[in-house]
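Structure first, then comments.
The values are calculated or read from the model by the stated rules, or taken from the named source; none is laboratory data. Remember, it's a predicted structure, so these values are computed and weren't measured experimentally. For neighbour counting, all protein chains shown are included, and Cβ atoms are generated from backbone atoms with ideal geometry for every residue, glycine included.
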Amino acid sequence: MKRRPSSSRTSASRTSGARPALRGPSQRQLRAGELVRHALVEIMREEDLDDPALSGAPVTITEVRVSPDLRHAVCFIQPLGGENAPEVVAAMNRASKFFRGRLGRMIDLRATPELKFLHDETFDAAEHMSRLFEDPKVRQDLDAPEED
């Protein structure tokens, strides 16, 4: 069997050894992340967690990012009001095996992903930006007429 000569159309990334451009998550990852997020919310709503850092602390699960092989999930959480965030995140990570066990019974995935909880910083960043826009010096620049 003869080999075909290599085409001159090979991409530069293949020949130079450069990494391909990074892409966002696939539809499969997004669907799995939302499935995990909804299931975790349901678990937190139904189960009574014994950890003192979690008792009576409403927690919002804002996003779940799942790895391409669906074996790892990073869950972004925000305690109500942003209070005691490091303690709540640590408590959620301590309870991750409990959540994973319950999750395995609730969702239909080939493998139940390992869970890692992180504090969602987007609310803090949005609040910081709002404060910046309300600063009189910034407001002066925003209200100034545009020049050509």
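Values for this structure:
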| read-out | value |
| --- | --- |
| Conditions (1) at pLDDT 90 or above; (2) within 15 Å of the chain's Cα centre (by Cα): number failed by GLU42 | (2) |
| Candidates ARG14, ARG31, ARG9 - the one that is under 26 Å from LEU109 (Cβ atoms) and at pLDDT below 95 | ARG31 |
| Search result, residues across the stretch 74-106 that are under 17 Å from GLU42 (Cα atoms) and either polar (S, T, N, Q) or in a strand (DSSP E or B) (or both) | CYS75, PHE76, ILE77, GLN78, PRO79, SER96 |
| So LEU118, is it among the aliphatic types (A, V, I, L, M), surrounded by fewer than 17 Cβ atoms within 10 Å (Cβ to Cβ), in contact (Cβ under 8 Å) with a residue 12 or more places away in the chain and at negative phi | yes |
| Unmet criterion (only one of (1) part of a loop (DSSP other than H, G, I, E, B); (2) exposed (fewer than 14 other Cβ atoms within 10 Å of the Cβ)) for LEU109 | (2) |
| Residues (out of contact with any Asp or Glu (no Cβ under 8 Å at 6 or more places or on another chain) and either surrounded by fewer than 18 Cβ atoms within 10 Å (Cβ to Cβ) or within 20 Å of GLY104 (Cα to Cα) (or both)) located in the stretch 61-84 | ILE61, ARG65, VAL66, SER67, PRO68, ASP69, LEU70, VAL74, LEU80, GLY81, GLU83, ASN84 |
| Set VAL36, VAL41: member being buried (at least 18 other Cβ atoms within 10 Å of the Cβ) and in a helix (DSSP H, G or I) | VAL36 |
